[in-house]
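Contents: one structure, followed by commentary.
The values are calculated or read from the model by the stated rules, or taken from the named source; none is laboratory data. Small disclaimer: the values here were computed from a predicted structure and weren't measured. Every residue, glycine as well, gets a Cβ built from its backbone with ideal geometry; the counts of neighbours run over all protein chains shown.
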Amino acid sequence: MKRLQRNSMYALCICLTLSACTTTKKITKEETSAPSAEQPAKPESSSSGNQKTAQQQKTVQQIIPENDLFLEKMKGVSLSVASAPGTTIKHKAFSAPYVVKAVRSDGKPVAGLKITVTYPESRDDGSSIVNGTVSIETDDTGTAVYTPSIPEYAFENEVLFQPAVPSSDPAVLKVAKQVSVTAPWKVRTDYMNKGGIICLVDYNTKGSPSSSKLLITLINKGFSNVGNVDFTKEIKSGNQQAVYEAAHKLVGSSASYFIYGTVKTVDPVTKTASGFTCSLEGTIFCLDMKTGHQIFTAQKTVSIQEKAEWKVIDTAKEELGKVLAEAIMYGM
């Protein structure tokens, strides 16, 4: 009996000992997995710092919108054209670049100002202008330089220099327009000395050809080897391909271009208190005789007043010839 009690006590002691050991191991494991209070804190990573800086910048932008920043920056700023190139010829580079300057009202230069340059680049159907844009920026002296590419189209137009805008907000666009400046963009046709033919159908004289006024003006402006032809029937048909084929059959590639069109009365001769008036409208099409491609087209209207009735029509035709010749010189 005593032996049984002794064995039972031994078993109880062993169980208590094992339980104590297990509890100690659990506590030790939990304590070693926790960070020590004496260990220094780990420094923040650089990426975390960058994120904070970006967030701060974003907060500033939210407080001060881009439009307001632009309007504030433009206060007292003015642009001016320091120099611009003269007239060039199609397919020939401009003789010099365009130079613009940006200054404040106190005369100090504006550095780092981005400027959008808008210039006539091409014609989508021989008449409508398609603009191109490039971006330039002022240096420490407030100077920005724009060197155009070699022009492939003839133009008498303008190039626009305007501060780059952050949005299409009306207030922003208004200020940008006020600061903007323009300069002439003149590119003359390269067909002047290549030789060509002309035919204008004059509906004021029963539909007969009447190109003499235009021809004389073109010759006076420097066009050479150009003369009148008669394709009245084809022109009246309104079929450009038929006009080209008839002209090509007659002259082949000996002429580089063919200018044809019509002259019509917009307002007939009318008597007024001071004499007589009338308005004429001229529509022209310019074709490349090698390809049949339409190079240029234009429609111009002139209104004339003369004291003598017999003179008013003739003066109107002469004026229309000048206007059309100018359009051809800077459009064909």
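Below is a table of values for the structure above.
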| quantity | calculated |
| --- | --- |
| Residue in the range 77-100 that is under 18 Å from residue 328 (Cα atoms) and among the hydrophobic types (A, V, I, L, M, F, W, C) present | yes |
| Members of the range 257-299 found to be within 18 Å of residue 229 (Cβ to Cβ) and touching an Asp or Glu at 6+ places or on another chain (Cβ under 7 Å), listed by number | 257, 263, 295 |
| Count of the range 135-154 residues which are surrounded by fewer than 16 Cβ atoms within 10 Å (Cβ to Cβ), touching a Ser or Thr at 6+ places or on another chain (Cβ under 8 Å) and assigned to a strand (DSSP E or B) | 1 |
| Tally, over the range 225-261, of residues that are of a type in the set (Ser, Thr, Tyr) and modelled with pLDDT of 95 or more | 4 |
| Any hit, the range 281-302, residues being over 28 Å from residue 90 (Cβ atoms), at pLDDT 95 or above and either under 39 Å from the mean Cα position of the chain (by Cα) or not assigned by TED's automatic domain parsing to the domain that holds residue 156 (or both) | no |
| Yes/no for residue 128 being surrounded by fewer than 17 Cβ atoms within 10 Å (Cβ to Cβ), closer than 30 Å to residue 327 by Cβ and without any contact (Cβ under 8 Å) to a residue 12 or more places away in the chain | yes |
| Residue match in the range 196-213 (condition: surrounded by fewer than 16 Cβ atoms within 10 Å (Cβ to Cβ) and assigned to a strand (DSSP E or B)) | yes |
